[in-house]
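K.L.:
What follows is a structure written as structure tokens; I'll ask about it next.
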Amino acid sequence: MSKGKFITDAEEPSESIALGESEGIAVEPITQWDLFWTRLRRHRLAMIASGVLVLLVLVVLAAPMMQSAGWIDSPVERLVDDGGRTLRNIAPRLNDGTINSLPPGGEPVDASATALLFGSDDLGRGVFTRVIYGGRASLTVGFVTGFIVALLGTIIGSIAGYYPGAVDQSLMRFTDLVLGLPLLPVAIVVGRILPEMSFLPSWIKQGPMGIALLLGFLSWGGLARIVRAEFLSLREKEFVEAARAAGASDRRIIFRHALPNAMSPIIVQTTLTVGIAIVIEAALSFLGFGVPPPTPTWGAMAAEGGRLAVRGFWWELFFSASALVITVLSINFLGDGLRDALDPTQTIERK
Amino acid sequence: MTEPLMSVRGLVKTYPIKGGAFQKVLGVVKAIDRVDLDIYRGEALGLVGESGCGKSTFGRAILRLEEPDAGSVVFDGDDVLQLPQKDLKGYRRDAQVVFQDPFGSLDPRTSVGDSIAEGLRVQGYSRKERGRRVADVLELVGLEPYHANRYPHEFSGGQRQRIGIARALAVNPRFLVLDEPVSALDVSIQSQILNLLKQLQRELDLTLLFIAHDLSVVEHLCDRIAVMYLGRVVEVASRDDIFNAPTHPYTEALLSAIPVPDPTIHRKRILLEGDLPSPLNPPTGCSFNTRCPIAEKGLCDVYEPELRSINGEGHEAACHLRTGDYRHLDRPLITAE
């Protein structure tokens, strides 16, 4: 040890003895995670929202099992015949014959007890079944897009914000380029080209995964800009300079000091993106460029249901849109709770 | 006086002013301009000057928090400006800093203990050692070990500044830069912190560079005082010499601005006219000549004064008129246009 001796060092002999006991004194911190969980658990809305989300995900994942157990039906088969009769004699909700444009000669199939819980659509398919199956596509698009956006936006934004100059400039010009792409037209065009690319695996070429990846790669620009702005202001903060004076590496400063302080906008923007992605997938489906029918998605169902709703047949629109709204709201509430829980200045008391 | 712990020679730090669509460099601000300064072992050197004179930049530059453009900073025999960034670890153990803003200098999302342990982690202390060391330094600055688990928003300004000091002391440095450590605090808290610093300096045998814009704060703590004006050091002397025998007109003006807590005493206040000139376009000759009450035309606005010894005992000032001998200017040091 150099000249600078601490007064406590004067007690050197007793120190080694005290070592064992002093190990557990208050210096052992309550970890960030403990505090985070405590705060999150006190956030009632967020807890309800995560309960709803977990339930949704479980139901949606279990859909094929529920189908083989006979609880729900196949999402693409007719349950109601042209006359509006079902095999189990459950009163069909869509039975006035005006909408039911089932091609003549189609045979209705065996239906489960829940078949017409939410009514049937104009092709005689059970809405309940289709809402559950539609969740598979919509939730996939929402979560995968949100994940890609959070990842790309945070990485690109933080690098641009932390390393000013050439790195920042080139990354941000690239971001401007991506932001400048009109989302729907590009999604439509790429969505059309995608299935033609034979080198791509089939799980990308068709179905919700491809759409999710596409939307993800098109919509990270906004988050990147927000994160960059946060980092630009954070890197000038004295606590970052203090960390540098302590000798902390760039990586540590980015991950321990800058990112945690940039967490709020990242979470808010990501949860918003999840909701927007589900809605955009709906728009694409509505335009006929989304997940191809007859695979149900909430967006496609809402679009179809809307056409029916103007003629008084409200249920397909109502149930698919409700599922969408409940999901998006839950995600936003959860995001709200996460943001508050990550903020140490929040008091733990919260309703 | 013993040998210097840190010896700064010809330190220059400039900032480019960029503008326009392609970030063209429009001009250069000389934040510090050829500064020479010695800091001796065990002393507390005060660095004073008004806002924008470059004193904080000087503190950051000698710690390599800013990269200086030229000059040398010899610390304990090694020029720290020559060290590659990755070899700064040793210097980071020896030289630490306390910042001005007790609210901005602690990460709101890092517990106090983790903030203090940051440097210890870099220096390779084990988890257990870090915990003990954090508890030690917290006690050293008058806080309790259990405060380590708390977050900065739970503390008052004065407590936070103590935490800032604890963080700086954690790695057991020999040299501490205090960048206006009390100017953001209430006056009653200021004296507590100053007393703490004084006590710590004595107990830990620290060398301090105390940056302030207020001579009365420096008076309490410092053995020697350097006065900066527009990126230049204009006077260096012992505390007593600065207060009793100020030589540079700028130092006189600074001293006359210290309030005296006695309304019956009437002093002649030296009021400087105008503002600090823009460092983007500093005056020719002596940088102070535009505001100096005794400046002589043809001398002060043409020739730049160097720091010259006054009494041979470490009292130096950069003023043609006050250092007496300006006949040497027949051979001008720097010719102006």
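The numbers here are math on the coordinates, done by the rules we state, and not lab data. Predicted model, so just to flag it, every value in this text is computed and none were measured. Backbone-built Cβ (ideal geometry, glycine too); neighbour counts: all protein chains shown.
K.L.:
For B:Val28, enumerate residues with amide H under 5 Å from its amide H, sequence gap 5+ or separate chain, H modeled in the peptide plane.
P.N.:
Result for B:Val28 returns B:Ile17.
K.L.:
Which net charge results when you count Lys and Arg as +1 and Asp and Glu as -1 among the other residues whose beta-carbon is under 13 Å from that of B:Arg160? The partial results should precede the final answer.
P.N.:
Numbers: positive: B:Arg150, B:Arg162, B:Arg167; negative: A:Glu238, B:Asp101, B:Asp107, B:Glu154, B:Asp186.
Combined, the nearby Lys, Arg, Asp and Glu give -2.
K.L.:
Of A:Trp37, A:Trp314, A:Trp298, A:Trp220, how do they rank once you tally other Cβ atoms within 10 Å and put the fewest first? Could you put the intermediate results ahead of the total?
P.N.:
On the way: A:Trp37 12, A:Trp314 15, A:Trp298 32, A:Trp220 27.
Least crowded to most crowded, the residues run A:Trp37, A:Trp314, A:Trp220, A:Trp298.
K.L.:
Now a separate question. Can you give me the Cα centroid spacing of the range B:3-69 and the range B:162-220 in angstrom?
P.N.:
Between the Cα centre of the range B:3-69 and that of the range B:162-220, the gap is 20 Å.
K.L.:
Per DSSP helix of 4 or more residues, -39500 (n - 2.57); summed, then divided by the residues of chain B. What does that give at 222 nm, rounded to the nearest 500?
P.N.:
Numbers: 9 runs with 91 residues, N = 337.
When only DSSP H runs of four or more count, the value is -8000 deg cm²/dmol.
K.L.:
Let me ask something else about it. Using the Cβ atoms and a cut-off under 9 Å, what net charge is assigned to the surroundings of B:Pro173, where Lys and Arg are +1 and Asp and Glu are -1?
P.N.:
+2
K.L.:
Of B:Lys24, B:Lys13, B:Lys86, A:Lys237, how do they rank once you tally other Cβ atoms within 10 Å and put the fewest first? Mind dumping the intermediate values first?
P.N.:
On the way: B:Lys24 10, B:Lys13 22, B:Lys86 7, A:Lys237 19.
Going from sparsest to densest Cβ surroundings: B:Lys86, B:Lys24, A:Lys237, B:Lys13.
K.L.:
Give the residue from B:Leu196, B:Ala253, B:Ala44 lying farthest towards the positive end of the charge dipole for chain B; charges sit on Cβ (+1 for Lys and Arg, -1 for Asp and Glu) and the dipole is referred to the Cα centre.
P.N.:
B:Leu196
K.L.:
Here is a follow-up. Collect residues whose amide H, placed 1.01 Å from N in the peptide plane, falls under 5 Å from the amide H of B:Tyr303; neighbours closer than 5 in sequence don't count.
P.N.:
B:Cys286
K.L.:
On the first, second and third principal axes, largest extent first, how far apart are the outermost C-alpha atoms of the range B:116-168 in Å?
P.N.:
For the range B:116-168, the Cα extents along the three principal axes come out at 31, 18, 17 Å.
K.L.:
Shifting gears a bit: How large are Rg and Dmax for the range A:252-295 when only the alpha carbon atoms are used, in Å?
P.N.:
Answer for the range A:252-295, Rg first and Dmax second: 16.9, 50 Å.
K.L.:
Going by how many other beta carbons lie within 10 Å of each one, how would you line up B:Leu178, B:Leu88, A:Leu329, fewest first?
P.N.:
A:Leu329, B:Leu88, B:Leu178
K.L.:
Karplus couplings for the range B:315-323 from phi (6.51 cos²θ - 1.76 cosθ + 1.60, θ = phi - 60°), rounded to Hz, Gly and Pro as x?
P.N.:
Values, residue by residue: 8, 10, 9, 10, 8, 4, 6, 7, 7 Hz.
K.L.:
Compute the signed sum of charges (Lys and Arg +1, Asp and Glu -1) over the other residues within less than 9 Å, Cβ to Cβ, of B:Leu276.
P.N.:
Values: positive: B:Arg291; negative: B:Glu50, B:Asp275.
For residues surrounding B:Leu276, the net value is -1.
K.L.:
Under a Cβ-only charge scheme (Lys and Arg +1, Asp and Glu -1), can you give me the dipole magnitude of the range A:150-267 about the Cα centre, in debye to the nearest 20?
P.N.:
160 debye
K.L.:
Beta carbons within 10 angstrom, averaged per residue: use that to sort the peptides A:137-143, A:301-307, highest first. Working shown, then result.
P.N.:
On the way: A:137-143: 26.3, A:301-307: 21.0.
Output ranking for A:137-143, A:301-307: A:137-143, A:301-307.
K.L.:
Residue by residue through the range B:107-113, what is 3J(HN,Hα) from phi via Karplus (6.51 cos²θ - 1.76 cosθ + 1.60, θ = phi - 60°)? Round to whole Hz and write x for glycine and proline.
P.N.:
Per-residue couplings from phi come out as 5, x, 9, 10, 5, 3, x Hz.
K.L.:
Quick check on the range B:189-288: what does the Kirkwood estimate of hydrodynamic radius come out to from the alpha carbon pairs, in Å? Please report the intermediate quantities before stating the final value.
P.N.:
Values: mean 1/r = 0.0645 Å⁻¹.
Hydrodynamic radius (Kirkwood, Cα only) of the range B:189-288 equals 15.5 Å.
K.L.:
Let me ask you something else. Which of the pairs B:Lys13/B:Lys86; B:Lys86/B:Lys198; B:Lys30/B:Lys89 have their Cα atoms more than 26 Å apart in this structure? Walk me through the numbers on the way to the answer.
P.N.:
Values: B:Lys13/B:Lys86 21 Å; B:Lys86/B:Lys198 33 Å; B:Lys30/B:Lys89 29 Å.
With Cα atoms farther than 26 Å apart: B:Lys86/B:Lys198; B:Lys30/B:Lys89.
K.L.:
Also: Taking θ as phi - 60°, what are the ³J(HN,Hα) couplings along the range A:297-306 by the Karplus curve (6.51, -1.76, 1.60), each to the nearest whole Hz, with x for Gly and Pro?
P.N.:
10, 4, x, 5, 5, 5, 5, 4, x, x
K.L.:
Separate question: Can you pull the Rg over Rh of chain B, Cα-only, Kirkwood? If you can, show how the numbers build up before the last one.
P.N.:
Details: Rg = 21.2 Å, Rh = 21.3 Å.
Reported Rg/Rh (Cα atoms, Kirkwood Rh): 0.99.
K.L.:
I would also like to ask the following. Determine the shielding of peptide A:230-238 by partner chains: average, over its residues, the number of Cβ atoms on other chains within 10 angstrom of each Cβ.
P.N.:
Numbers: counts 0, 0, 0, 0, 1, 0, 1, 6, 12.
For peptide A:230-238, the averaged partner shielding equals 2.
K.L.:
Taking H placed 1.01 Å from N in the peptide plane, check which residues at least 5 places from B:His315 or on another chain put their amide H under 5 Å from its amide H.
P.N.:
B:Ile310
K.L.:
Once the Cα atoms of the range A:128-262 are picked out, what are the Rg and Dmax in Å?
P.N.:
18.7, 61
K.L.:
Viscosity 0.890 mPa s, temperature 25 °C: Stokes-Einstein D of the range A:196-351 from its Kirkwood Cα radius, in µm² per second?
P.N.:
Here the translational diffusion coefficient equals 131 µm²/s.
K.L.:
Calculate the mean, over all residues of peptide B:145-152, of how many other protein chain Cβ atoms lie within 10 angstrom of the residue's Cβ. Before the final figure, lay out each step's value.
P.N.:
On the way: counts 4, 3, 2, 5, 7, 4, 5, 3.
Average per residue, whole number: 4.
K.L.:
Still on this structure: Select from A:Gln269, A:His257, A:Val310 the residue farthest towards the positive end of the dipole of the range A:224-351; place +1 on Cβ of Lys and Arg, -1 on Cβ of Asp and Glu, and compute about the Cα centre.
P.N.:
With unit charges placed on the Cβ atoms, the residue in question is A:His257.
K.L.:
For B:54-67, what's the mean count of beta carbons from other chains sitting within 10 Å of each residue's beta carbon? Mind showing how you got there, number by number?
P.N.:
Working: counts 0, 0, 0, 0, 0, 0, 2, 0, 0, 3, 2, 4, 1, 0.
Mean shielding count: 1.
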